[in-house]
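The values are calculated or read from the model by the stated rules, or taken from the named source; none is laboratory data. Remember, it's a predicted structure, so these values are computed and weren't measured experimentally. Reconstructed Cβ throughout: ideal geometry from the backbone, glycine too, with neighbour counts over all protein chains shown.
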Amino acid sequence: MRVALFSLVAAAAASPIVNNQTLLESRSVDNNFMNNFKFYAQHAAAAYCNAEGRSPGNAISCAGGECNDVMRNGATIINTFQGANTGIAGYVSVDRTRREIVFAARGSNNLRNFITNLLFTQRDCDFASGCKVHDGFASSWDEISGAATTAIRSGLQANPGYRLVITGHSLGGAIGTLAGAYLRRSGYQASIYTFGAPRIGNEVFANSVSRQRGGLYRMTHIDDPVPRLPPMIFGYRHGGTEYWLSNGEAEQINYRGTDVKVCPGIDSVGCNAGTVGFDLPAHLHYLTKTAGCAPPATKWKRDPEPSDEELEERFTKWSKQDQELVNSCYYCYTVEVV
């Protein structure tokens, strides 16, 4: 199902959007919480070079220093898994120092093409009446859900008392959020940390995952374009709470808790959604060189069309329309076109 770009206001049956722009919070992020973000950002980065070609028992490693703290803890692979149709991949690991099982989903093999070719189609989900999620993200989780759940169950059974953490960058953050939502509904207790993740579903899904116990901690970086996809004007909303690395340069990775702005709410434009443009380097630097250990072909492969200028124009247009949607009224409406 596609959502029409310009069918923004209608008298037909529709869903209200609560204007959350005023919900920007000034509270600072304490050191412990910030250290958690830094640690799980390293797992999200490690997924780029540990989700394939690794065997159970192998130590997680990153050749360029992207996951030094994870390596220092001696975290080891429980299992890896890949989707033949969607290209999704990930690993489940055990960290005996932190006493936790970590599921890390890998980001896109081809970032620019992922952004260029991302469709906004949705499909039904069964968290609540009217729930919808991105069809491609759901298909990716479907491909690896069995193997990932088996590895998680095995890790938790072999290590009583360990906690479960789910993480991922970009596409991996979307898959991690879906995984966490389904696993928590099945009785697993899990915390979710994502980095530069896109929106995953409509407001029903966003509210459903936000209400689950365990937390959805969603980090964004200055004007990273990916968290602004798919646009709100297409019926998408973010779940959880946003933690925005709000200053510095696109390739900056050293941040303090005082640099983080907090935006709760499913449709806030007080943080990343209030930016415009197409700044890919900002997407690749989340407290570490996030895709630094990806194979060179993965990092640089690209299609010639559309140009960066065309993409920037497209992103700026969508972002401004989202901002106008949230800022102009407390109750706006979208129309679904079948």
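Of everything in region 182-205 that is under 13 Å from the mean Cα position of the chain (by Cα) and among the aliphatic types (A, V, I, L, M), the residue that is farthest from ASP124 (Cα to Cα) is ILE192.
All conditions but one from (1) surrounded by fewer than 24 Cβ atoms within 10 Å (Cβ to Cβ); (2) touching a residue at least 24 places away in the same chain (Cβ under 8 Å) apply to ALA181; the one that does not is (1).
Across region 240-264, which residue is surrounded by the fewest Cβ atoms within 10 Å (Cβ to Cβ) among those that are in contact (Cβ under 8 Å) with a residue 40 or more places away in the chain and aromatic (Phe, Trp, Tyr)?
Residues of region 240-264 that are in contact (Cβ under 8 Å) with a residue 40 or more places away in the chain, as a first pass: 240, 243, 245, 255-258, 260-264.
Subset that is aromatic (Phe, Trp, Tyr): 243, 255.
On the way: TYR243: 23, TYR255: 20.
Residue satisfying both the conditions and the ranking: TYR255.
Looking only at residues of region 39-79 that are of a type in the set (D, E, K, R) and outside any helix (DSSP H, G or I), we find that the one that is surrounded by the most Cβ atoms within 10 Å (Cβ to Cβ) is GLU66.
Sort through ILE166, ILE175 and tell me the only one that's among the aliphatic types (A, V, I, L, M), assigned to a strand (DSSP E or B) and touching a residue at least 60 places away in the same chain (Cβ under 8 Å).
Details: ILE175 fails: assigned to a strand (DSSP E or B).
Every option except ILE166 fails the conditions.
Restricting to region 200-251, and then to whatever is assigned to a loop (DSSP other than H, G, I, E, B) and of a type in the set (D, E, K, R), can you tell me which residue is nearest to GLY168 (Cα to Cα)? Even if it seems obvious, please write down each step before you answer.
Of the residues in region 200-251, the ones assigned to a loop (DSSP other than H, G, I, E, B) are 200, 202, 212-215, 222-225, 229-231, 235-236, 238-240, 246-251.
Now narrow it down to the ones that are of a type in the set (D, E, K, R): 213, 223-224, 249, 251.
Working: ARG213: 19, ASP223: 19, ASP224: 16, GLU249: 22, GLU251: 19 Å.
Here the answer is ASP224.
Looking across region 121-145, the residues that are in contact with a Gly (Cβ under 8 Å, 6 or more places away or on another chain) and crowded, with 18+ Cβ neighbours inside 10 Å come down to GLN122, CYS125, CYS131, LYS132, VAL133, HIS134, SER140, GLU143, ILE144. Among the residues of region 298-338, just one is modelled with pLDDT of 50 or more, hydroxyl-bearing (Ser, Thr, Tyr) and buried (at least 17 other Cβ atoms within 10 Å of the Cβ), namely SER319. Restricting attention to region 125-147, the residues being part of a loop (DSSP other than H, G, I, E, B) and among the acidic types (Asp, Glu) number 1. Taking PHE120 as the residue in question, decide whether it is in contact with a strand residue (DSSP E or B) (Cβ under 8 Å, 6 or more places away or on another chain), touching a residue at least 60 places away in the same chain (Cβ under 8 Å), in a loop (DSSP other than H, G, I, E, B) and more than 23 Å from LYS289 (Cβ to Cβ). Yes; evaluated as a whole, the condition is true for this residue.
Out of curiosity, is SER208 touching a helix residue (DSSP H, G or I) at 6+ places or on another chain (Cβ under 9 Å) and more than 25 Å from ARG123 (Cβ to Cβ)? The answer is no for SER208. For region 80-99, filtering for residues that are surrounded by fewer than 19 Cβ atoms within 10 Å (Cβ to Cβ) and on the phi < 0 side of the Ramachandran plot leaves 8.
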